[in-house]
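Student: Attaching a single structure in structure tokens format; questions to follow.
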Amino acid sequence: MDGSVHRENAGAAHKKQERAATAAQQSGNLDGLFEMKSVSSEYYGAGSAIVDVLLKSGAGNFRDFFIGIKSGLKVEESLQKSYGVNFEGVAHLYGRTIGRPDLTP
């Protein structure tokens, strides 16, 4: 992938993250994101921002989280095992990054 395409994709992802952050700041919640069976594109920004938060909290933890899911743990179980948080805790971690520490799932 050439550099200009990568920058375009990164710019588009950043815009989606900004839109998701604004929506979450206004609503105070993630609109059930963690319980969705299929995530529509309007939630990609929040999802990618949450992945960024988890990675910044520890790349090794993220690896363990991913391995836990691959080995059959439910997502929330793997979060608890890898990061010591549940969905509410992840919402709070993300919420702090967008100025809404009381964000709920």
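Student: Which ones in the range 78-91 are touching a Leu at 6+ places or on another chain (Cβ under 8 Å) and either basic (Lys, Arg) or touching a residue at least 12 places away in the same chain (Cβ under 8 Å) (or both)? Spell out how you get there, then give the answer.
Tutor: Filtering the range 78-91 down to residues touching a Leu at 6+ places or on another chain (Cβ under 8 Å) leaves 81, 83, 85-87, 89-91.
Result: 81, 83, 87, 90, 91.
Student: Also, quick follow-up: Which residue is nearest to the chain's Cα centre (by Cα), if the candidates are limited to the range 59-99 and must be among the charged types (D, E, K, R) and over 14 Å from residue 33 (Cβ atoms)? Steps first, please.
Tutor: Taking the range 59-99 as the starting set, the residues that turn out to be among the charged types (D, E, K, R) are 63-64, 70, 74, 76-77, 81, 88, 96.
Retained after the next criterion (residues that are over 14 Å from residue 33 (Cβ atoms)): 63-64, 70, 74, 77, 81, 96.
Working: 63: 15, 64: 16, 70: 18, 74: 16, 77: 16, 81: 17, 96: 12 Å.
Filtering first and then ranking leaves 96.
Student: Which numbered condition in (1) within 23 Å of residue 10 (Cβ to Cβ); (2) without any contact (Cβ under 8 Å) to a residue 40 or more places away in the chain is the only one that residue 94 fails?
Tutor: (2)
Student: Right, next: Within the range 51-63, restricting attention to residues that are among the aliphatic types (A, V, I, L, M) and either over 20 Å from residue 76 (Cβ atoms) or out of contact with any Phe, Trp or Tyr (no Cβ under 7 Å at 6 or more places or on another chain) (or both), which residue is surrounded by the fewest Cβ atoms within 10 Å (Cβ to Cβ)?
Tutor: Restricting attention to the range 51-63, the residues satisfying the condition of being among the aliphatic types (A, V, I, L, M) are 51, 53-55, 59.
Retained after the next criterion (residues that are either over 20 Å from residue 76 (Cβ atoms) or out of contact with any Phe, Trp or Tyr (no Cβ under 7 Å at 6 or more places or on another chain) (or both)): 51, 59.
On the way: 51: 12, 59: 10.
Among residues in the range 51-63 that are among the aliphatic types (A, V, I, L, M) and either over 20 Å from residue 76 (Cβ atoms) or out of contact with any Phe, Trp or Tyr (no Cβ under 7 Å at 6 or more places or on another chain) (or both), the one surrounded by the fewest Cβ atoms within 10 Å (Cβ to Cβ) is 59.
Student: Of all residues in the range 79-105 being hydroxyl-bearing (Ser, Thr, Tyr) and assigned to a helix (DSSP H, G or I), which is surrounded by the most Cβ atoms within 10 Å (Cβ to Cβ)? Full working, then the answer.
Tutor: Within the range 79-105, the first condition is being hydroxyl-bearing (Ser, Thr, Tyr), and the residues that meet it are 82-83, 94, 97, 104.
Those left that are additionally assigned to a helix (DSSP H, G or I): 82-83, 94, 97.
Numbers: 82: 22, 83: 18, 94: 25, 97: 16.
So the residue we want is 94.
Student: Something else now. Can you confirm whether residue 55 is aliphatic (A, V, I, L, M), without any contact (Cβ under 8 Å) to a residue 12 or more places away in the chain and either in contact with an Asp or Glu (Cβ under 9 Å, 6 or more places away or on another chain) or assigned to a helix (DSSP H, G or I) (or both)? Even if it seems obvious, please write down each step before you answer.
Tutor: Details: aliphatic (A, V, I, L, M): yes; without any contact (Cβ under 8 Å) to a residue 12 or more places away in the chain: yes; either in contact with an Asp or Glu (Cβ under 9 Å, 6 or more places away or on another chain) or assigned to a helix (DSSP H, G or I) (or both): yes.
It is true that residue 55 is aliphatic (A, V, I, L, M), without any contact (Cβ under 8 Å) to a residue 12 or more places away in the chain and either in contact with an Asp or Glu (Cβ under 9 Å, 6 or more places away or on another chain) or assigned to a helix (DSSP H, G or I) (or both).
Student: Moving to a separate point now. Kindly check whether there is at least one residue in the range 19-28 that is surrounded by fewer than 16 Cβ atoms within 10 Å (Cβ to Cβ), part of a helix (DSSP H, G or I), β-branched (Val, Ile, Thr) and in contact with a helix residue (DSSP H, G or I) (Cβ under 6 Å, 6 or more places away or on another chain). Break it down stepwise before answering.
Tutor: Just the residues of the range 19-28 that are surrounded by fewer than 16 Cβ atoms within 10 Å (Cβ to Cβ), to begin with: 19, 22, 25-28.
If we keep only those that are part of a helix (DSSP H, G or I) as well, we get 19, 22, 25-27.
After this cut, where a residue has to be β-branched (Val, Ile, Thr) as well, the list is 22.
Going one step further and asking which of them are in contact with a helix residue (DSSP H, G or I) (Cβ under 6 Å, 6 or more places away or on another chain), we end up with none.
No, because not a single residue in the range 19-28 is surrounded by fewer than 16 Cβ atoms within 10 Å (Cβ to Cβ), part of a helix (DSSP H, G or I), β-branched (Val, Ile, Thr) and in contact with a helix residue (DSSP H, G or I) (Cβ under 6 Å, 6 or more places away or on another chain).
Student: Which pairs do you get when a residue that is free of Cβ contacts under 8 Å to residues at least 12 places away in the same chain, found in the range 64-77, comes within reach of a residue that is part of a helix (DSSP H, G or I) and of a type in the set (Lys, Arg), reach meaning Cβ atoms under 8 angstrom, with the pair 6+ apart or on two chains?
Tutor: Cβ pairs passing all conditions: 73/81.
Student: Among the residues of the range 32-50, what is the count of those that are surrounded by 13 or more Cβ atoms within 10 Å (Cβ to Cβ) and farther than 17 Å from residue 22 by Cα?
Tutor: If we filter the range 32-50 for residues that are surrounded by 13 or more Cβ atoms within 10 Å (Cβ to Cβ), which is where we start, we get 33-34, 43-50.
Still in the list and also farther than 17 Å from residue 22 by Cα: 34.
Summing the residues that are surrounded by 13 or more Cβ atoms within 10 Å (Cβ to Cβ) and farther than 17 Å from residue 22 by Cα in the range 32-50 gives 1.
Student: Collect the residues in the range 63-78 that are on the phi > 0 side of the Ramachandran plot and assigned to a helix (DSSP H, G or I), keeping them in residue-number order.
Tutor: So in the range 63-78, the residues on the phi > 0 side of the Ramachandran plot come out as 72.
Result: no residue meets the conditions.
Each reported figure results from applying straightforward, stated rules to the coordinates on display, with no laboratory input. Being a predicted model, the structure only gives us computed values, none of them experimental. Here Cβ is always computed from backbone atoms with ideal geometry, including for glycine, and neighbour counts include all displayed protein chains.
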